Every structure is written in C-alpha cells, then in structure tokens.
Amino acid sequence: MRKSHLKDYKGYSSPAPVFILCCGSPSAIATAPATLDALSFINSTAEGDPGGGEEESTPPDEVKKVFTFIEYITHPPQFVERPEDQRVMNDRVASFTCRATGNPEPRIQWRKNGRKFNQNTRYIVIDVPGGSILRIEPVKYQRDEATYQCVAENTAGDTITAEAKLEVLSDD
C-alpha cells in the first residue's frame, strides 16, 4: 500500500498558520508554517511492502489540488480600543484613537456622521500598528461637531463600528 505525505512547504505565503488537507484523509492533515517555501512530496511504501524506503516525486493529481483545501485561521474584527467622546475648544486639536484585532488584520476607516470624508490639511488619519488615529486640527465650532465612526472590517467577519461624539466649545 502506497501513501504520500507532505515533506515541506514552499511557494505559498499566508498571514497565519494554515491547515492543509491532503488526499481527503484525516491522517494526511498537516499544519503548515506561516510562510511556505516549497511544496514537495515523498512517496513511501508502507512497512513490510517490498521496495521500502522513500523517494522524492511530484505530487499525485489529487495532491496538486491541495491548495483548494487550504483553510486560513481567521477571526472577525474586535475592538481593542474605541474612540471616546470629546469636548474641545474652538481652534484646538481633537484626536480619536481606534484599534482592532482580527485575522486578517482589519482595515480601519473613519466616517463623520456616517459618511466617508477625504483627508485634508485639517482631517489627518494616521495608521498605527493595529489601529488608526483621526486628528482634527484645528477644530471649528459647529462645522466639526459631529459623531465620528471608526469602521473595522476584514474578510473573516462582519464590519464593526464604534463611535464617539465631538463637541466643540465656542470662544465666547
């Protein structure tokens, strides 16, 4: 009885460990490292079969399709830090921080009253590891008073939103 098994993994890169199901058999499940550098196979004979030993070979047809069985270990986004409500004097600085985890790493966007906005000289978005900072400088009375939303999304789950209100106090 012949069987094939994975020797090593190459030519594939993933953001997290992957599990590969090969040849439809639970005994052929292998855990791959986060970076795969080569995919090669060893054909071996079962113990007691004549001609025992191992030889390198090309993968059988069912194994060439192994990448259709790759399952990423994914997690939907979750907030680690949410933006907080702020009261700021006119012409000062407001800064909102939002951080989220997930796999793949969530993409974070900011919205003002539910609408996307373009960065400009007053609205600056700074990407930081695991999150984002929205900086508004200088804040303007009435114009910048709003609810700001941090929207985090990845391919593993639903989009999540956290919001904070900005109140701008007049100079009067």
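Considering Thr101, Thr155, which residue is closer than 15 Å to Pro77 by Cα, touching a residue at least 40 places away in the same chain (Cβ under 8 Å) and hydroxyl-bearing (Ser, Thr, Tyr)?
Within the list Thr101, Thr155, the selection yields Thr155.
Residues in segment 161-172 that are open to solvent by 40 Å² or more (accessible area, probe 1.4 Å) and assigned to a strand (DSSP E or B): how many?
5
The values are calculated or read from the model by the stated rules, or taken from the named source; none is laboratory data. Owing to the predicted nature of the structure, the values given are computational and were not obtained by experimental measurement. Heads up, the Cβs are rebuilt from the backbone with ideal geometry, glycines too, and the neighbour counts pull from every protein chain shown. Accessible surface areas use protein heavy atoms only, side chains included; no ligands, DNA or RNA. Shrake-Rupley method; radii C 1.70, N 1.55, O 1.52, S 1.80 Å.
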